[in-house]
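Input: a single structure, listed below in structure tokens.
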Amino acid sequence: MPVMFQINGKIVPESEAYVPAMDRGFLFGDGVYEVIRTRGGKLFHPELHYARLTQSAQRLRIPFPWSLEELEKNIEATREAAGTGEHYVRIILTRGTGLAPNIDPAHAPSAPNIVLLVRPLELPSREQYEKGFSAWLVNTLRNHRQALDPAIKSGNYLNNIIALMEAKDHGADVALLLNSDGFLTEAPTSNVWIVKDGRTLTPPPEAGILLGITRGLLLDMARREDLPVYEEAISRETLLEADEIFLTSTLKDILAITALNGNPVGDGKPGPVTKDLARRFHQFVEPD
Ligand code: PDD
């Protein structure tokens, strides 16, 4: 049973996993989501994902009826049905099933639709970590904070999808997006970091980004270990001159970007700071 769902409280296999065609997530992307992974068979920081999910939902005025304990209980029941091993867990919350295909939220009933998806966790391969990803700095801009704030993990990923398609047109694995002021934001599903002259930088919240859980943990670790890691605005020029670039996300941990716009980053291999941070991060989140 590789993929299991829970739809509004009912555990079902993929063949029975349906939401109504009038669901507002389907019609308008009117919903939010989270991706949590397990580590050592346990949900990794569910409380941080819960906090971000409820904040995203609140910003869109979608009620999320579950406590953290209820969420964990429902995930565990779905994980049990999905079998053993490490899991990818997606929580999808939409404003619910509309009475008419009308964007006005007044057409939505009181109950949101809540879908849990559990499947075996797939991480990049060893070769991908050793080789790194190629990136393209795309023309598509990240959504403006005053339009659809990237800090809301909404179910509308069109901005990210368009950027990714643009990067793939150039043969790259991943896109990097600037904001309308010309500063670096993030990648379609990851936060981005650069290393320049021994300093490690990641864009600040004001750049217009999702505040990644992995990003937050890496910043915490760096503070504790007194490492030269800072939140700082990164211009296009600074990015293009970076010694090292890497991504962070739940599904990648730390993954090097070894080519940008067809040119090698540094010597075209994961750099020493990236490798050191990856080693320390692994130790930080999975101490033996
Ligand atoms: N993506 N930025 C964006 C736009 C993201 O979608 C994600 C996560 C991140 C990294 O956040 P975190 O460290 O909390 O995973 C940054 C998830 C993994 C996804 O959509 O699959």
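What to note about this one:
- Ordering LEU240, HIS282, LEU201 by the projection of their Cα atoms onto the charge dipole of region 126-285, which places +1 on the Cβ of Lys and Arg and -1 on the Cβ of Asp and Glu, puts HIS282 at the extreme positive end.
- Per residue, the accessible area of the chain comes to 49 Å² when a 1.4 Å probe rolls over the protein heavy atoms.
- Of all accessible heavy-atom area on region 4-120, the percent that carbon and sulfur account for (1.4 Å): 57
- The stretch between GLU76 and GLU16, if pulled fully straight at 0.36 nm per residue, gains 19.6 nm over its current Cα-Cα span.
- What the Cβ-Cβ distance of ASN8 and HIS144 gives, at R0 = 45 Å and to the nearest 0.05, is a FRET efficiency of 0.85.
- Pairs beyond 28 Å (Cα-Cα), from LYS153/LYS252; LYS168/LYS252; LYS73/LYS153; LYS10/LYS168; LYS42/LYS153; LYS196/LYS252: LYS10/LYS168
- log₁₀ of I(q)/I(0) at q = 0.11, 0.13, 0.17 Å⁻¹ - the chain, Debye sum with one point per alpha carbon: -0.68, -0.94, -1.44
- Spherically averaged projected area of the convex hull of Cα atoms, region 199-288: 6.1 nm².
- Restriction of the GluC sites (Glu not before Pro) in region 180-241 to DSSP coil positions whose beta-carbon has at most 13 other beta-carbons within 10 angstrom yields GLU225, GLU241.
- Using the Cβ-Cβ distance between GLU47 and ASN156 with R0 set to 30 Å, the FRET efficiency from 1/(1 + (r/R0)^6) comes to roughly 0.75.
- Region 219-268-region 131-160 distance, computed between alpha-carbon centres (Å): 17
- Dipole magnitude for the chain: computed about the Cα centre from +1 point charges on Lys and Arg Cβ and -1 point charges on Asp and Glu Cβ, it is near 400 debye.
- Sorted largest first, extent of region 1-132 alpha carbons per principal axis (Å): 49, 30, 30
The values are calculated or read from the model by the stated rules, or taken from the named source; none is laboratory data. This one's a predicted model, so the numbers in the text were calculated from it and none came from an experiment. All Cβ positions, even for glycine, are placed from backbone atoms using ideal geometry, and neighbour counts span all protein chains on display. For accessibility, only protein heavy atoms count, side chains too; no ligands or nucleic acids. Shrake-Rupley method; radii C 1.70, N 1.55, O 1.52, S 1.80 Å.
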